[in-house]
């Protein structure tokens, strides 16, 4: 017996500051090999965190994980910081687990910001709080968001408020 419904958890994300959240079918989450390539050749944080490629799960491994879930909560924030969405995702993951959804897994956005310098030669210093981003796991965020009714476009300047998405796999 679950202590909260998935709908209550979805609504909780908005109460925590998300602009919007939706319950989606896990099969609508799209993975693609090119996404991690984009991390490698487009992100200055590549390889600098245990939650980023090449340390994060590959698209194939992520797809296998996705295949073991039926539902997910996709969470959208419009912000200047990836920290906001990552905190909300982590809280929804924790609340989901405590509500009886023992398989709950969260993925935020962007590189981890928990440590000034990541402990790449050892274990994560914050495994209870560190989560890989959707894109670090090979998820095509644009395709996934659009196929679930969200509007997302590329930025036309660094001053724009960005669309950040997080995901909590839940069952």
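The values are calculated or read from the model by the stated rules, or taken from the named source; none is laboratory data. Owing to the predicted nature of the structure, the values given are computational and were not obtained by experimental measurement. Here the Cβ is made from the backbone with ideal geometry for all residues, glycine too, and neighbour counts use every protein chain on show.
Points worth noting:
- Region 51-68: number of residues that are more than 15 Å from the chain's Cα centre (by Cα) and part of a loop (DSSP other than H, G, I, E, B): 4
- Residues in region 15-50 that are out of contact with any helix residue (DSSP H, G or I) (no Cβ under 9 Å at 6 or more places or on another chain), in a loop (DSSP other than H, G, I, E, B) and either in contact (Cβ under 8 Å) with a residue 60 or more places away in the chain or farther than 19 Å from residue 106 by Cα (or both): 41, 42, 44, 48, 50.
- Inter-residue pairs, beta-carbon under 6 Å, first surrounded by fewer than 15 Cβ atoms within 10 Å (Cβ to Cβ) and in region 53-70, second not in a loop (DSSP other than H, G, I, E, B), 6+ apart: 70/26
- All of (1) crowded, with 21+ Cβ neighbours inside 10 Å; (2) more than 15 Å from residue 13 (Cβ to Cβ); (3) in contact with a helix residue (DSSP H, G or I) (Cβ under 6 Å, 6 or more places away or on another chain) hold for residue 77 with one exception: (2).
- Condition broken by residue 126, with the remaining ones in (1) in contact with a strand residue (DSSP E or B) (Cβ under 9 Å, 6 or more places away or on another chain); (2) free of Cβ contacts under 8 Å to residues at least 40 places away in the same chain satisfied: (1)
- Screening residue 89 against (1) in contact (Cβ under 8 Å) with a residue 60 or more places away in the chain; (2) assigned to a helix (DSSP H, G or I); (3) surrounded by fewer than 22 Cβ atoms within 10 Å (Cβ to Cβ) leaves a single unmet condition, (3).
- Residue in region 71-83 that is in contact (Cβ under 8 Å) with a residue 12 or more places away in the chain, assigned to a loop (DSSP other than H, G, I, E, B), under 13 Å from the mean Cα position of the chain (by Cα) and over 30 Å from residue 1 (Cα atoms) present: no
- Residue count for region 100-118 satisfying the condition of being out of contact with any strand residue (DSSP E or B) (no Cβ under 9 Å at 6 or more places or on another chain) and surrounded by fewer than 21 Cβ atoms within 10 Å (Cβ to Cβ): 7.
- Annotation note: Cβ proximity below 9 Å between a residue of region 144-156 that is at positive phi and buried (at least 17 other Cβ atoms within 10 Å of the Cβ) and a residue that is modelled with pLDDT under 95 and assigned to a loop (DSSP other than H, G, I, E, B) (sequence gap 6+ or interchain) occurs for no pair.
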